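Structure first, then comments.
Taken together, the values in this text are just the output of simple stated rules run on the coordinates, not laboratory data. Computed from a predicted model, the values in this text were never measured in an experiment. Neighbour counts are summed over all protein chains in view; Cβ atoms, including those assigned to glycine, are modelled from backbone coordinates with ideal geometry.
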Amino acid sequence: MGLTRVPGLLFGGDYNPEQWPEEVWQEDVRLMAEAGVNLVTVGVFSWSRLEPAPGVHEFGWLDRILDLLHAHGIAVDLATATATPPPWLVRDHPEVMPVDAAGTRLEFGSRQGYCPSSPVFRAATVRLARAVAERYRDHPALAMWHVSNEYADHTAECFCPESARDFRRWLKERHRSLDGLNAAWGTTCWGQHYTDWTQIEPPRKAPGPVNPAQLLDWRRFSSDALLACFEAERAVLKEVTPDVPVTTNFMSVLRDLDYWAWAAAEDVVTDDAYPDPADPRAAVKAALSYDLMRSLKRQPWLLLESAPSAVSWRPVNVPKDPGVMRLHSLQALAHGSDGVMFFQWRQARYGPEKFHSAMLPHGGTATRQWRETLALGADVRRLAEVAGSTTRAEVALLLDWDSWWGLEAPESMPSDRLRLHELLLSWYAPLHARGIAVDLAPPGRDLSGYRLVIAPNLYLCTAEQAAALAAFPGHLVVGPFSGVVDAADQVHDGGAPGPLRDLLGVRVEEWRPLPDGAVQEVETADGTRLSARTWTEWVEADGAEVVARYRGGPLDGRPAVTRRGNDLGNGTGSATYLSCLPEDPAPLLDEVLAAAGVTGVAGPDLPEGVEACRRGPYLFLLNHGSRTVTVPLPTPTQTTTDPDTVFTDLLTGRPLPSGPLSLAPGDAVVLKQSSPVLNSTDRF
Ligand code: GAL
């Protein structure tokens, strides 16, 4: 049993039957069955059809389609339909529409038009969620609840008076008193001292930079306000159907929502991933977001939306070349998804997404897209046994939303070029290229299960987080501009790295961001040269040893990289601090990987462009490159009765002898050691 009551891997997509005459439904379910679809998401934007007038419900069409789907063996991820309030609600209560930072109330005519703090909106969503839950609680097609849709996609924040009231409530809980708030926000700066709660407003468009501490609290609040919307609906669903899993679809590596907090409120993590086929880094960006999804609850997750080919919302919507949909889908499975789902099943005839690709395109079944849909459905069926298997990572990258929000405050930083997603990628990409499994983790967590932990940036770092890092017995790498401020965005006494100072054994005296295009040379102790861009620091070693120094310029000879516990070979942990951003951190990374005893799942010689992921007893090898490559297969750990038939490729059912494997561009294999059968804790 996988994430839902549907066995095996899930395959399907968003299905909007209300956009089609009922005759089309018959063809839909027939073709779904042909493609092996076993789950569809229904009703996401159906509020105005399900409740055409206040309290008046029209469930007939939804009853009929759920019955029809069930009759064809297709389960349903049923939406609570609250993603877009209906016109009558907006006409009767214009205040449910969100207001932007400049004070403009947005108009009806798109989707996600709601203020997260609106009591009218929240009450209406809860009423509809209850009506839907009570109607379908026992429907045999119901496999999962899908609350709203992509929170924070169009509406991540609202600046209306109701939101201001809610913000004040939230601030009172956090800061207790006005004195506490004034102190935390540093309101003596620029004359912002508050003498009454009613003076406090959201950080609207102002003449100059807004108070960054206020902005940080605002981002925390905005994530919480949307989470409260989710939780209100979830509570009703859990009351009516305690055993049906509840999800809401995430948006990959998204700054607006603290997904650690959100995932804790969900039963199943689901993600919508739309890597741009025109982006040469599409595969590595997707891999990072999939590993985040797997890490959020440390269990399999579900790719709930992806594009069969082109999307419709980029300035230029490049389609996926033949085979790319398959490769990208297998990639999600390799990283722990228990299925492959798309937006959407049937390509729309009208609306802003009429040019968005679909599993079943405008051209119907005589198309390349449909043939690829059928073939992928067959692949997914062949991989059914992969469902539920887990990944064990020995490396973790730290990710903290508070710190991210603080780091990316506009107009008040030494440089606005430090962007957390890029900083994560700068470490993730070389790990990925080496076939090393990576988890994402919040900094306060017990990290003792990992051998290597990398904090690309921890601008905001509390004493508690620093203590958790100090307790980590393995190898720790901390990137620049870390340990700078506390939870209120106030600079730690004595400067950076604040509470990490003893652990890292350094003091930072000055931030020295580099102008765009400038390069600072760095030389390691063994003479290896690295080029740093974007950022450098004036650092004093204070207990740490210097493992690389700046060469040239005003920092010439000064520490660039330091390490405490420098004897990497002595079997104990170490703490490395990088005060710069090397263009290619590989030499430093390889050193700590060797010290930590971490190797890639497919050995050290992974060809460029090949992705290797281990999931339980399965080894996924995917060739994202443009050349045919030879991948050395791992040595089996146990002897088999037939040494020539050691592995089976689940995708073809073909036995493979151990030894090098040739992988064409865009091709993939999913290997399982044939004999003896390994369980999920065995290694190749
Ligand atoms: C998602 C959204 C879907 C659809 C899709 C198109 O953001 O949840 O409803 O719009 O994008 O790519």
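Of all beta bridges that DSSP places with both ends in the chain, some 55 percent have antiparallel geometry.
Residues whose amide H falls under 5 Å from that of Thr41, counting only those 5 or more places apart or on a different chain, are Gly13, Asp14, Tyr15, Asp77, with hydrogens built in the peptide plane. The modelled label-to-label distance between Arg371 and Arg30, using points 7 Å beyond Cα along the C-beta direction, is 2.2 nm. Under the combined filter of DSSP loop state and at most 13 neighbouring Cβ atoms within 10 Å, the stretch 411-504 retains none of its chymotrypsin sites (Phe, Trp or Tyr not before Pro). Measuring from each cysteine beta-carbon in the chain, the ones with no other cysteine beta-carbon under 4.7 angstrom are Cys160, Cys189, Cys229, Cys461, Cys580, Cys613.
The separation of the stretch 193-224 from the stretch 455-473, counted between C-alpha centres, amounts to 27 Å.
For Glu239 and Thr572, what is the calculated FRET efficiency with R₀ set at 51 Å and r taken between the beta-carbons, to the nearest 0.05? Efficiency for this residue pair is about 0.50. Our coupling estimate for the stretch 480-497, obtained by passing each phi through the Karplus curve with A = 6.51, B = -1.76, C = 1.60 and θ = phi - 60°, is x, 6, 10, x, 8, 10, 8, 5, 9, 6, 9, 5, 5, 4, x, x, 6, x Hz, Gly and Pro reported as x. According to the Kirkwood expression over distinct Cα-Cα pairs, how big is the hydrodynamic radius of the stretch 146-189, in Å? By the Kirkwood definition, the hydrodynamic radius is 12.6 Å. Between the stretch 331-359 and the stretch 423-452, how many Å separate their Cα centres? Comparing the Cα centres of the stretch 331-359 and the stretch 423-452, I get a distance of 29 Å. Of the cross-linked pairs Lys205/Lys297; Lys354/Lys672; Lys238/Lys297; Lys285/Lys354; Lys285/Lys672, those separated by over 30 Å at the C-alpha level are Lys205/Lys297; Lys354/Lys672.
The phi-based Karplus calculation (6.51 cos²θ - 1.76 cosθ + 1.60; θ = phi - 60°) puts the 3J(HN,Hα) values of the stretch 3-10 at 5, 10, 7, 7, x, x, 7, 8 Hz, whole numbers, x for Gly and Pro. In terms of its Cα atoms, the chain spans 80, 76, 42 Å along the principal axes, sorted from long to short.
Computed from point charges on the beta carbon alone (+1 for Lys and Arg, -1 for Asp and Glu), the dipole magnitude for the stretch 252-379 about its Cα centre is near 400 Debye. Charged neighbours of Arg294, selected by a Cβ distance under 12 Å, balance to 0 (K, R count +1; D, E count -1). Phi angles of the stretch 509-517 translate, via the Karplus equation with coefficients 6.51, -1.76, 1.60 and θ = phi - 60°, into HN-Hα couplings of 9, 8, 7, 10, x, 9, x, 3, x Hz per residue; Gly and Pro are given as x. Each residue, Asp542 and Glu231, gets one label point 7 Å from its Cα in the Cβ direction; the gap between the two is 3.9 nm. Computed per residue of the chain from DSSP H runs no shorter than four, each worth -39500 (n - 2.57), the mean residue ellipticity at 222 nm is -9000 deg cm²/dmol.
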